[in-house]
1. With a sphere of radius 10 Å drawn around the Cβ of residue 47, what net charge do the other residues whose Cβ falls strictly inside it have (Lys, Arg +1; Asp, Glu -1)?
2. Give the long-range amide H neighbours of residue 52: residues separated by 5 or more places, or on another chain, with amide H under 5 Å away, using H modelled in the peptide plane at 1.01 Å from N.
3. Take peptides 23-32, 78-87 and line them up by average Cβ neighbours within 10 Å, highest first, as a rough protection proxy.
4. Treat the count of other C-beta atoms within 10 Å as a stand-in for reagent exposure and order 95, 38, 72 from fewest to most.
5. Which ³J(HN,Hα) values in Hz, rounded to whole numbers, follow from the phi angles of the range 17-31 under the Karplus curve 6.51 cos²θ - 1.76 cosθ + 1.60, where θ = phi - 60° and Gly and Pro get x?
6. May I ask you to compute the full-extension gain from residue 13 to residue 33, defined as 0.36 nm times their residue separation minus their alpha-carbon distance, rounded to one decimal in nm?
7. Using 7 Å Cα-to-Cβ label points, what is the residue 57/residue 83 separation (nm, one decimal)?
8. Summing -39500 (n - 2.57) over the DSSP H runs of n ≥ 4 in the chain and dividing by its residue number, what mean residue ellipticity at 222 nm do you reach, to the nearest 500 deg cm²/dmol?
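Values quoted throughout were computed directly from the atomic coordinates according to the rules given, and no laboratory measurement underlies them. None of the values given here were measured: they were computed from a predicted structure. Note: ideal-geometry Cβ built from the backbone for every residue, glycine included; neighbour counts use all protein chains shown.
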Amino acid sequence: MHSHGASFEEISHLRYGKFNKYCDCVVFPKTTEQCEKIVALANKHNVVLVPYGGGTNVTKALALEQTEKRMIVSLDMGRMTAIKWVDKENRLACI
């Protein structure tokens, strides 16, 4: 599920088994500090990070580059559940 979004093309590829590239690993950080460490390590070791929210993306942002040779890690943000602030006037939130 972490190697594709929900665009028509991706769902079609999923249905007919035409995915040529999958992420190599999925990590589930719980804190900002863990995310910072993961990003630092990915940078140090030349690893591709793909942030993953709910998997409903329809803009192909989760589509993996077919020619990518580096390790690809999906960074699943599902365990980061704290709401830090809400600005009702501007309709903004930091979650």
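1. Charge balance near residue 47 sits at +1.
2. 75, 76, 77
3. Descending packing order for the listed peptides: 23-32, 78-87.
4. On the way: 95 10, 38 16, 72 19.
The fewest-first ordering by Cβ neighbours comes to 95, 38, 72.
5. Ordered by residue, 3J(HN,Hα) equals x, 9, 6, 9, 9, 10, 5, 7, 7, 10, 10, 10, x, 10, 10 Hz.
6. Length gained between residue 13 and residue 33: 3.6 nm.
7. 2.5 nm
8. Working: 2 runs with 22 residues, N = 95.
Mean residue ellipticity, 222 nm, calculated: -7000 deg cm²/dmol.
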